[in-house]
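Below: the structure, in structure tokens.
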Amino acid sequence: MGEFDNTPTALHRFAAHQHDWQPWMGTWGTTANPRGKSLLGAINYLASMRLNSVYLLLLTVAGDSRDVWPFTSANERYRMDVSKLAQWEVVFEHMNARGIALHALFSETENESLFEHDETGQTGGFANSRRLYHREMVSRFGHHPGLLFNIGEETGWDDQGGWGPRRGLTDWQRKTFAADLASLDSYDTPMVAHTYPNDHDKVYQPMLGNRHFDGVSLQLTRAKSSHATASAWLARSRARGRVWSVSVDEVGSGGVLRDADDWSRDGVRKELLWGTLMAGGSGVEIFSAAQDQTLEDFRSYERMWQQMAHAVTFFHHYRIPFWRMDSKDALSSRSWSSWVLAASVGDALVVFLQNASIGHDVDLRWVPRINGQPARYIVRWYNPRKGGRLWTGTVGEVWGGGWRSLGSPPSERWRDWVALVARRGSGIGWA
């Protein structure tokens, strides 16, 4: 960001968002020359679209953009630039104040071994300069309530053969670094890792059950694999006794296109967004390969943000107990074209139908009886494309105790819809 101190190679200005800045947000610099309005305005815009997470790199030295470092220069490893870090804090405070969590990555694949290589000329081990880096980042920013630490982007991948700083971290390093960060952090900040699609098993499998590791930040080759991959890692982590947070944060070689190039958002909405959420995933983040380092106006993705906000509205506004729901696709009669989230106590099911014109039944044989009688359930429909109210379709109520038809939504039956099946009296969906 060009308005931070001592960042001569900065790529971003975000000038298109300066008008989104408001006086109460603050700035840095001087009264005569205030700085930060464009970046703070961009965050304000994203918050106004109900987005709640931003993926950010704390260090891009030797990486793709080469314009982010906390030190007094790009070549320094021990002296921190305290004025720049104070400016970062203004931004981070504003993010949390507006309900946006910091997804903070300690490295990217091109600089995974930067500290060790610069300090000893070799890779492996745990450099003293990295220890200092950990201490400074945790002590300065670990207090933020909306914070997620990430060991690194595409960790474990030997980029371009793994020469020098590009050497991928080893399993021992990831575990040691996670333990070190946990020892410094008084706030129990969750720790995850992002890695290359072909390296999931190599990187994630050894971390299952590790008490310092809390989840995965998935990179996938196809959006279509979001549901199956997220479901698989949630199941593996559950089997090891420490359930992970699983998100999908980068998909496909081209990422997600701008609104102008994908106006309907049908594929990314169904496969990436709802596919991940219906696996029990914690969410998704949007990556654009075409604008990876050049995106200056977030409004070019506004329809995508709207689709994401509709999903958040459904789960929050209608009191869906997503935190105690698991993927139960087998409860659908057409599990190849629909996904199910179910609460173990049987008070709610959420069914995402990729095409609601095909008849769908759900299995309610397992739900508890109430006073010896089958429980009654409302059936309501939510439009994931437009958001808004819950609708009653051709079936308004069903009873537990067997396979039950959901009927059809009130309109556009060939499109994707979300069906909510909620027990009467639960308050879910205001039942």
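Observations on the structure shown:
- Here the chain yields Rg over Rh of 1.00, to two decimals, using C-alpha coordinates and the Kirkwood radius.
- Principal axes of the range 319-364: Cα extent on each, largest first, Å: 28, 18, 14
- 5 angstrom amide H check on Ser53, placed H, neighbours 5+ away: Ala101
- The angle separating the long axis of helix 171-184 from the principal Cα axis of greatest extent in the chain is about 90 degrees.
- For the chain, the antiparallel share of DSSP beta bridges with both residues in that region comes to about 60%.
- Net charge, Tyr133 excluded, C-beta distance under 15 Å - Lys, Arg +1, Asp, Glu -1: -3
- Two-decimal Rg to Rh for the range 1-104 - Kirkwood Rh, Cα set: 0.96
- On a per residue basis, the convex hull of the C-alpha atoms belonging to the range 35-89 measures out at 98 Å³.
- For Phe71, the residues whose modelled amide H falls within less than 5 Å of its own, excluding neighbours fewer than 5 places apart on the same chain, are Asp81.
- CD proxy at 222 nm, helix term only [per DSSP H run n ≥ 4: -39500 (n - 2.57); per residue of the chain; nearest 500]: -7000 deg cm²/dmol
- In a fully extended conformation the segment linking Glu296 and Thr72 would gain 78.0 nm over its present Cα-Cα distance, using 0.36 nm per residue.
- Taking the alpha carbon gyration tensor of the range 212-305, multiplying each eigenvalue by 5 and rooting it gives semi-axes of 27, 13, 10 Å, largest first.
- Phi-based couplings in Hz for the range 374-381 (Karplus 6.51, -1.76, 1.60; Gly and Pro marked x): x, 6, 9, 10, 7, 10, 10, 10
- When the P(r) is computed for the range 356-431, the part past 21 Å accounts for 27% of the Cα-Cα pairs.
- The simple Förster model, with R0 at 22 Å and r as the Cβ-Cβ distance, assigns His316 and Arg413 a FRET efficiency of 0.25.
- In terms of its Cα atoms, the range 257-330 spans 39, 25, 22 Å along the principal axes, sorted from long to short.
- Length-normalised contact order for the chain - Cα pairs under 8 Å, 6+ apart - percent: 10 percent
- Computed over the range 256-299, the percent of Cα pairs more than 14 Å apart is 55.
- Net charge of Cβ neighbours under 13 Å - reference Ile286; Lys, Arg +1; Asp, Glu -1: -3
- Percent accessible area from carbon and sulfur atoms, the chain, protein chains only, probe 1.4 Å: 50 percent
The values are calculated or read from the model by the stated rules, or taken from the named source; none is laboratory data. Owing to the predicted nature of the structure, the values given are computational and were not obtained by experimental measurement. All Cβ positions, glycine included, derive from the backbone under ideal geometry; neighbour counts span all protein chains shown. Areas reflect the complete protein model, heavy atoms only, side chains present, ligands, DNA and RNA absent. Shrake-Rupley method; radii C 1.70, N 1.55, O 1.52, S 1.80 Å.
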